[in-house]
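What follows draws every value from the coordinates through simple rules; no lab data is involved. Computed from a predicted model, the values in this text were never measured in an experiment. Note: ideal-geometry Cβ built from the backbone for every residue, glycine included; neighbour counts use all protein chains shown.
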Amino acid sequence: MRKLTLILIFSALSLQISAALAPRETAGEIRISNDNATLVIGKNPWRLSLLAPDGGKQFSDATSPAFKINDRWASITSVRAGKGATLKLTLTDGGTATATITSVGPAGFRIVIIPSKTAEAIRGATALDMVEEIYGFGEMWNGRVAQRGAAFDLWNTSGTPDECAYIPYYVSTKNYAFFLNYGGRVSFDIGRRRADQLTYEAPVGVLDITLVRGDSIAGAVRSFFTAQDMLPKQPPRWTFLPWFWLMSDPDIPNGKIDTLRGHHFIEMVQKLQQLDFPVGTTWLEPPWQTGRTTFIANPDFDPDLKGTIARLRDMGVRTLAWTVPYTMPGASNYAEAVAKNYLVQKPANAADLPAADNNITSSGELLVAKRYNFMDLYNPAAFDWWKKQIAQSVRELGISGFKLDAGQDLETDARLHGNRSGADVHNSYALEYNRVFAEALQSELGDDYLMIPRAGWLGSSKYHNFKWPGDLSGSYARNGLPSAIYSTLSLAFCANPFNSTDIGGFEDRPAPEEIWLRWAQVGAFLPGMQTLHMPWWYSEDAQKHFRFLAWLHTDMLPYWQSLAREASRTAAPIVRPLVWTWQNDIDCWRIDDQFTVGDTLLLAPIVTSEPNRTVYIPEGVWHDFWDDTRTVTGPAKVTWFEGWFRKDRFPLYIRAGSIIPMEITNAHSTIAWPEAAGFVTLAIWPKENAAGAFTLHDTEAPVHITADATARDVLKISWSATARNHLLRIHLPVAPAGVTGIQKSTTLSAFRASAADAWFYDETARKLWIRKSNNNTAAAIEVRLK
């Protein structure tokens, strides 16, 4: 029964499957094709290959898949066609198996092989080319993003870091995506034991894999997640403002969580705003509710929590609530959950849970040996019961979303609805955890919510709209700042584009000042910028730098929105490993500690106590952010050493040809000034003899913007119709001769003081400023360079 049950457990992961395919059989092979790919199966012995339309081989078995039956391995020896896309297989032990092949979109296939005898495990091997690299596997914590040469088990677990989003999915530089459809422990060896093979093994009785091809890594990822209706959910606009949260009184860095009260959040926001730090979101940690997990406001935490949340909303701040996927004996809903079998079932010999609600850690998580009090979210009745309680709390309190903690510790011997075992869904349980909260929030708020889970699985980003990597150490150690980068970049290949990290880590409060600042230099360039370390815990210089970063992040809101739109339609990451954009440059393949934001900003974080580092510059001309008169032409390696002199500097570059739309209201980010309020500021770095383009997706229909320097001695800036007025900030090495049809201001002060269309060239900064009203029309501006 187990092998058939597993198909039912996981089959929902492939949603858009075509009708049966028609195999073409020859003497030596069977071919099955769809619109954009061909699957070739060698008949004797079995060999599976995935071909591009031009016949190029992108994936190939290294050996035949095998099944562990009666404690002995039996591999596939031969195959013949059956009815439709069903194949009949023979195993080395004399047994048989059936393979069913279905189309996954226009460029992929799902292959499900069921042996006639019950199997205890499966294994397979994929051929690795001499020049090939592998990425993905969810949120990786092994200190690398490029995984060739590594071996590991995918098994979620608690700790520092919390390993809670492993997925048996990867992409290859041969431009295919692979997924093994099993939610328990999977062991992978990526060319470590044998350099020419990627092997996998899992304790499941059915081999269920999906292969999808593309013309690039980006194309394979897009095809994979589009075909299976797993494109990530775009967050609302307000979620890109910085997040601040508390574990205690904001003036007591290392205070105890049980002293946290609702009024502390009001005090925190007031102080942040007084010190001119932008803030858009906060969340309430465990004491907010009467028990874990009741979804009922705790009067000792706040006698009027609804009023506090409303007051925060009036201050421009949305409020989320912390939660977990379990209930405990002290909770008011626990008895009903037990009576109706809504919790996962424990084996007969398992110990009972503690009778009180006090067996928890300082951060509010369980401290019991066995966790059989998880909600059985595979049970439709339990799912709906939990969902109603979530929705009611949103409706009654005015909550704008949830931070979903835990979810990675389902016991292996737990029994769940549909004859599932904890071992089989230990990793994939997170998908149901994410889904129940998403459905509850959507029922009350539509798409206007923020959900930040720790645990995730393939397709989770369809439900949650952000992800954070769990608790990290406030240090440069492997479980600190470096891992925040590696884990984020691993997820980039897995349709998880909306990432965040606790700036400064979680374990040490306050984090050392240097760590907090270096981490902020990373966090400001992730879509979600968050910290629980209050700026006033640190020096004035540190506060100033954090304020700069927080406002730079905030000023980029139209840019974040535009990248989010792209991500939600293509599964492209916002924070991109270099190989994503420069796959043809093999020197980019194994760079694990640099990334771009879109394809515009290049960041090489300082992740050690050494304030200098080597930076790889990809192809193109790149401006130094701190002095954009300085450029570097790639591909090249440069040694960056300015950190010896200033902690508020880090390697940051802007690609020539870039157009970055911004929304600026002050001078903190040094990009513009308070007079920019009300305009969309277009920061432009023209590329010599080339054209740059960007499509702005924000508060109106898409606005297509170009900066064309291909004509001799003319720079033409144009955009499609828009209701919003533009302030152009154009990097030009020398003063222009003029701007066609627009009056020149006499001074920069005069330009800033006026609201009329005008231009001015700042000789010192080498910036051309142009102000242009639009009135729902398209426009084109010609800058005469000579």
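Counted by Cβ distance under 14 Å from Trp551, the other residues give a net charge of -2, where Lys and Arg count +1 and Asp and Glu count -1.
For a modelled paramagnetic label at Lys744, 7 Å from Cα along Cα-to-Cβ, the residues of region 765-786 in reach, with backbone nitrogen under 12 Å, are 784-786.
Available extension along the chain between Ala693 and Ser116 is 202.0 nm, counting 0.36 nm per residue and deducting the alpha carbon span.
Placing dummy labels 7 Å off each Cα toward the beta-carbon, the span from Ala151 to Ala667 is 6.1 nm.
On the principal axes of its alpha-carbon atoms, region 514-610 has extents of 45, 33, 19 Å, going from largest to smallest.
With all pairs of different alpha carbon atoms counted, what Kirkwood hydrodynamic radius in Å does region 42-84 show? Here the Kirkwood hydrodynamic radius works out to 12.1 Å. Using θ = phi - 60° in the Karplus curve 6.51 cos²θ - 1.76 cosθ + 1.60, the 3J(HN,Hα) couplings for region 714-722 round to 9, 10, 10, 10, 9, 8, 7, 4, 8 Hz; x is entered for Gly and Pro.
Straightening the chain between Asp93 and Gln274 buys 57.7 nm, computed as 0.36 nm per residue apart minus the Cα-Cα spacing. Between Ile503 and Gln530, Thr531, Leu532, the built amide H atoms are under 5 Å apart, and every one of these is 5 or more places off in sequence or on another chain. Geometric descriptor of region 381-535, per residue, is 129 Å³ (volume of the convex hull of the Cα atoms).
Extending 7 Å from the Cα toward the beta-carbon at both Ala723 and Asp229 defines two label points whose distance is 3.4 nm. Derived scalar couplings between HN and Hα for region 655-667 equal 6, 4, x, 7, 10, 10, x, 9, 10, 10, 10, 7, 9 Hz in order, rounded to whole Hz, by the Karplus curve 6.51 cos²θ - 1.76 cosθ + 1.60 (θ = phi - 60°), x for Gly and Pro.
Under 5 Å from the amide H of Leu284 lie the amide H atoms of Leu320, Ala321, Trp322, each residue being 5 or more positions distant or on a separate chain, with H modelled from the backbone and absent for Pro and chain starts. In terms of packing, defined here as the mean over residues of other Cβ atoms within 10 angstrom, the peptides 121-131, 518-528 line up highest first as 518-528, 121-131. In this calculation the C-beta distance from Asn612 to Gln442 is compared with R0 = 35 Å, giving a FRET efficiency of 0.15. Would you mind checking region 37-71 for residues with the amide N under 17 Å from a putative spin-label position 7 Å along Cα→C-beta of Thr26? Answer for this model: 38-58. Separation of region 208-240 from region 598-621 is 27 Å, based on Cα centroids. Calculated from the alpha-carbon coordinates, the chain shows an Rg and a Dmax of 27.6, 90 Å respectively. Of all DSSP beta bridges confined to region 28-160, the antiparallel ones make up roughly 100%.
Couplings for region 404-418, taken from phi via the Karplus curve 6.51 cos²θ - 1.76 cosθ + 1.60 with θ = phi - 60°, read 8, 8, 6, x, 10, 10, 4, 5, 5, 9, 5, 10, 10, 3, x Hz in order; Gly and Pro are left as x.
Rounded to whole Å, give me the distance from the Cα center of region 700-745 to that of region 623-694. Using only Cα atoms, the two centres lie 17 Å from each other. Taking Cα atoms only, the orientation of helix 513-523 departs from the longest principal axis of the chain by about 80 degrees. For region 445-491, taking the reciprocal of the average inverse distance between every pair of different Cα atoms yields a Kirkwood hydrodynamic radius of 12.1 Å. For the chain, the longest principal axis of the C-alpha atoms and the axis of helix 540-555 are separated by about 80°.
Under 5 Å between amide hydrogens, built in the peptide plane, is the criterion, and for Gly480 it picks out Ser473 among residues at least 5 positions away or on other chains. Annotation: extensible slack from Asp585 through Arg712 equals 42.6 nm (criterion: 0.36 nm per residue apart, minus Cα-Cα distance). Rounded, prolate or oblate for region 16-145? Axes are the square roots of the Cα gyration tensor eigenvalues, ordered a ≥ b ≥ c, and the cut-off for rounded is a/c under 1.5. Oblate, since a/c reaches 1.5 and b/c is not below a/b. With Cα atoms as the point set, the radius of gyration and Dmax of region 433-511 evaluate to 14.0, 42 Å. DSSP beta bridges fully contained in region 383-537 are about 20 percent antiparallel. Take the Cα of Lys83, step 7 Å along the line toward its Cβ, and report every residue of region 97-125 whose backbone nitrogen sits under 16 Å from that point. 98-101, by backbone N distance to the label point.
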